[in-house]
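Let me begin by presenting the structure, written as structure tokens, before commenting on it.
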Amino acid sequence: MPNEKHINKKHLAHLEVVRRQDRIIRISALVIIVLVIAIVGYGILTNTVLLPYRTVASVNGEKITAGDFQVQAKVQRVQAINRYMQYIQYAQMFGVQDPLTDANFGPILQKDQNRLSDTNVLGQEVIDLMVDDRLLRQETKKRGIEVTKEELDKAMQDSFGYYPNGTPTTAPTATEYITPTLNPTELAVVTITPTAGPTASSTPDPNATPTPTSAPTATAGPTAAAEPTATAITVEGYNGLLKERVDGLQKETGLDETGYRHLVETGLLRDKLLAELTKDMKTSQEQVWARHILVKTIEEAVAVQARLRNGDDFAKVAAETSLDTGTKDKGGDLGWFGKGAMVAPFEEAAFSLPIGQLSEPIQSDYGFHIIQVIGREERPLNDQQITQEKQIILTDFLKQLRDASDVQIFDLWKTIVPTEPNLPAGQ
């Protein structure tokens, strides 16, 4: 009996150990299951419910959320789609058979197609835009630049053509009349009339805009005061149009009226900062008036140069040999242009040549050029050139701001770029 009692005690003790171990195992398994569920659940929440609140970028400590990024990306998609469809309609109006391969419409259409098909392209544009907007808002706040509610309301009303106080009549602006400025040296060279500027097949930089001819001295023409006329849209009509636009944007992009007003306000702040940055901007620049002959090889360029030095007429040689179809029948005339309008090798040569002297063969991506400068002078910028110069100043300023700021961009944006809305089927 004592042995049996001892055995029973050992058995019970063993059973108790087993029970404890089993309980520990069950509890451990339950804890693991709960942790796995929690981790999976957090992952699901992070990529669904919590996703809009995650950070895709930070600008001097100010966060840009995934939700805002996705809304802005959809807005950019809508703009690209609208622009694409508009240019398709323009091409059809001009009878273009294949707009995508057309020299005028193709590049714009293909660029928007690329934006809509490549999420990295669109996403990078949106991130850069949102960072610039944050920098712009921070800078305008620092400078005390503000947009009043009245200014914001007026801008929104103007965008729909609603003018509560009548539609302002556009006043004529001062007209610049051309006055002769060629000196005797220039007159000895010139055999052609200056054109409006570089042609499409010349050698301008693709981002530059041709420079229309204008004289450095200008006479102001008559001006007239703006007189308001009856508004074409009632307040009810304006409110209806605004609601229609906001409802459409909210349905397609998630942008509500507050977000829409925020975008308009950012544009007004940009305009005010631009005005501040460019208030002392110079509105004239050194320009040259030049002509050129473009050929394919260095041997052809040397032969052209020899003909010209032997007295052959520049216009005749240009018509016979130049590959620049836009200028060959106009004596090779490129008109007046400033710095930044031409590719670098051409520009460097043109701005360093004395008036009347033939250049050595100048190589560019287009071939070889023989250049002759006809005139050089300080000339006023036209409205389009002034606008371009102002945008360059703002772009450079924002780049400097960005370089001096604490800007962090996280790769999260690359995984959440929207792919909707998209072009209509068949486009």
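No lab work stands behind these numbers, since they all come straight from the coordinates. Given the structure is predicted, the values throughout are model-derived calculations rather than measurements. Don't worry about glycine lacking a Cβ; one is built from the backbone with ideal geometry, like all the others, and counts go over all protein chains shown.
Grab the Cα-Cα distance for Phe410 and Arg245, subtract it from 0.36 nm times how many residues apart they are, and report the gain in nm with one decimal.
Numbers: separation 165, 0.36 × 165 = 59.40 nm, distance 3.22 nm.
Stretched fully, the Phe410-Arg245 segment lengthens by 56.2 nm.
If the limit is 22 Å between Cα atoms, which of Lys154/Lys399; Lys279/Lys399; Lys154/Lys279 go over it? Intermediate results must be reported in sequence, preceding the final value.
Values: Lys154/Lys399 30 Å; Lys279/Lys399 19 Å; Lys154/Lys279 24 Å.
Too far apart for the 22 Å limit: Lys154/Lys399; Lys154/Lys279.
For Leu15, Leu412, which order do you get if you count the other beta carbons within 10 Å of each Cβ and list the fewest first?
Numbers: Leu15 10, Leu412 14.
The most exposed by this proxy come first: Leu15, Leu412.
What is the sum of charges, Lys and Arg at +1 and Asp and Glu at -1, for the other residues whose Cβ falls under 14 Å from the Cβ of Leu136? Spell out each step's value before the answer.
Numbers: positive: Arg134, Arg137, Lys141, Lys142, Arg143, Arg270, Lys272, Lys399, Arg402; negative: Glu62, Asp128, Asp132, Asp133, Glu139, Glu146, Glu265, Asp271, Glu276, Asp396.
Spelling it out: positives minus negatives among the neighbours equals -1.
Determine which residues of the stretch 125-159 fall in the zone a paramagnetic label at Val264 would reach in this model, i.e. backbone nitrogen under 14 Å from the point 7 Å along Cα→Cβ.
Hits in the stretch 125-159 for Val264 at 14 Å: 147-159.
What's the local net charge at Ala306, with K and R +1, D and E -1, over the other residues with C-beta under 13 Å away?
On the way: positive: Arg307, Arg309; negative: Glu299, Glu300, Asp312, Glu360.
Every neighbour counted, the sum reads -2.
Can you work out the FRET efficiency for the pair Glu320 and Ala344, with r the C-beta to C-beta distance and R0 = 41 Å, to the nearest 0.05? Before the final figure, lay out each step's value.
Numbers: r = 28 Å, r/R0 = 0.68.
That pair, Glu320 with Ala344, gives E of 0.90.
Can you sort Arg26, Arg115, Arg54 so the residue with the fewest Cβ neighbours within 10 Å comes first?
Numbers: Arg26 10, Arg115 21, Arg54 17.
Final ranking by Cβ density, sparse to dense: Arg26, Arg54, Arg115.
For Ser28 and Asn165 in the same chain, what is the full-extension length gain: residue separation times 0.36 nm, less their Cα-Cα distance, in nm?
Values: separation 137, 0.36 × 137 = 49.32 nm, distance 7.59 nm.
Separation in residues times 0.36 nm, less the Cα-Cα distance, equals 41.7 nm.
Given axes a ≥ b ≥ c from the Cα gyration tensor, I'd like to know whether the stretch 65-175 is rounded (a/c under 1.5), prolate (a/b larger than b/c) or oblate.
Values: a/c = 2.36, a/b = 1.20, b/c = 1.97.
Oblate, since a/c reaches 1.5 and b/c is not below a/b.
Just report the Cα centroid separation between the stretch 354-376 and the stretch 262-315, whole Å.
14 Å
How do Thr253, Thr101, Thr119 rank when sorted from fewest to most other Cβ atoms within 10 Å of their own Cβ? It would help to have the intermediate numbers written out before the result.
Working: Thr253 22, Thr101 11, Thr119 17.
Going from least to most buried by this count: Thr101, Thr119, Thr253.
With each pseudo-label sitting 7 Å past Cα toward Cβ, what's the Glu146-Gln86 distance in nm, one decimal?
Rounded to a tenth, the inter-label distance reads 3.3 nm.
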